Amino acid sequence: MKKLTVVVPCYNVENYLCRCLDSLVHQDIPESDYEVIAVDDGSTDSTGEICDRYAKEYPQVKVVHQANAGVSAARNNGMSIAQGKYLFFVDGDDFVAENCFKVLLHIAETNALDVVMFDFKAVNPDTPVLTAQSCEAQDVKVITGKEFLTDNCLHGAVWLYFVKRELVERDRLHFPVSHICDDNVFSLSAILAAHRMVKLSKVCYYYVQRPGSIIHEKSIAHKLKYMGDIIYCSNQFGEVIEKYRGELSEPTYSRLIGRRNSFLYIAIVGALRAGVISEVCAQLKAEGLLPLGKLDKRDFTDTRWTAIRLLSHCPMMLCAVGKLKSWLR
């Protein structure tokens, strides 16, 4: 069995993909120990050709070409053929630090971990690949996923974790197709199922902020879809929490409910910015989600906490007054 499978969903990222794949094939473990599965999601630029070129040059790279079905389907497709002990999901426009796989796998295998979490840094598109920070043994403290969620804010981005494939297959985890916030539910499910988890301060992932990425799309139709997906994600998030309700301490349960409700705050803020607050609030009201439920102050900056307390009680009035938008930038 290979030690690691890296799944890379790719769609029209020709200007970024080489840096991403270079960061994955130039690592500090033998090529026979891991595989990189690049899933071309029906790209209309040269993304598919770039994937094929790397597959010819590097034996650890495999390519899957599929009709355009979205990042969730691409992740599921790559995961379905994975052979690694651990799974790692990397977006095709991002990249990872040099020489980070060896230490991460060593920590994961030595401590028999279900989940390894590391840190990330948001960077500009022209940032070069960087070397990983050192990670000493004293940084490692093994806890359960539920213990982690009691004292930490859940970072839903799936690219922050190595997840044991056995756990994913046992619990039949997958990414909800056609929903933008697909990885939040996956990450929560994996962490709640983890008996042994480590959180590292080591920066291993570089998230590239680019104008053409999904979260920077400006069209009204996209904003409505995005906010609808956030509401859907909130509902799915709640279902996962209730599944584990009997295993959670009251502080952990309360923390997760607050995190679930924070998704609705994101939807309302997006609606305010996009000028579609009436439509979004109507959907929230129809689903019984207004006023917003309990929140956890630790999930917000002080300014945003003030804003969310107002939003949770009178989002329509705030929209009419129009004074909140500048606070949230």
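The rows are residues; the columns are (1) assigned to a helix (DSSP H, G or I); (2) over 17 Å from the mean Cα position of the chain (by Cα); (3) within 22 Å of residue 297 (Cα to Cα).
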{"residue": "233", "(1), (2), (3)": "yes, no, yes"}
{"residue": "254", "(1), (2), (3)": "yes, yes, yes"}
{"residue": "258", "(1), (2), (3)": "yes, yes, yes"}
{"residue": "261", "(1), (2), (3)": "yes, yes, yes"}
{"residue": "265", "(1), (2), (3)": "yes, yes, yes"}
{"residue": "270", "(1), (2), (3)": "yes, yes, yes"}
{"residue": "273", "(1), (2), (3)": "yes, yes, no"}
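The condition of being buried (at least 22 other Cβ atoms within 10 Å of the Cβ), modelled with pLDDT of 95 or more and in the same structural domain as residue 199 (by TED's automatic domain parsing) does not hold for residue 64. Cβ-Cβ distances below 7 Å connect the following pairs, each with a first residue in the stretch 166-178 that is on the phi > 0 side of the Ramachandran plot, a second residue that is surrounded by 17 or more Cβ atoms within 10 Å (Cβ to Cβ) and in a helix (DSSP H, G or I), and a separation of six or more residues or different chains: 178/72. Among residues of the stretch 223-253 being surrounded by fewer than 18 Cβ atoms within 10 Å (Cβ to Cβ) and acidic (Asp, Glu), the one that is nearest to residue 180 (Cα to Cα) is 239. Can you say whether residue 36 is free of Cβ contacts under 8 Å to residues at least 40 places away in the same chain, part of a strand (DSSP E or B) and not basic (Lys, Arg), as far as the supplied structure shows? Yes; evaluated as a whole, the condition is true for this residue.
Counting only strands (runs of 3 or more DSSP E) that sit completely within the stretch 78-195, those holding 3 or more residues that are under 14 Å from the mean Cα position of the chain (by Cα) and among the hydrophobic types (A, V, I, L, M, F, W, C) correspond to 84-89, 115-123.
In the condition set (1) under 26 Å from residue 174 (Cβ atoms); (2) basic (Lys, Arg); (3) without any contact (Cβ under 8 Å) to a residue 60 or more places away in the chain, residue 53 is compliant with all but (1). On inspection, residue 40 does not qualify as more than 21 Å from residue 209 (Cα to Cα), touching a His at 6+ places or on another chain (Cβ under 7 Å) and charged (D, E, K, R).
The values are calculated or read from the model by the stated rules, or taken from the named source; none is laboratory data. Treat the numbers as computed from the prediction; the structure is a model and nothing was measured. Positions of Cβ are generated from backbone atoms using ideal geometry, with glycine treated the same way; all protein chains shown enter the neighbour counts.
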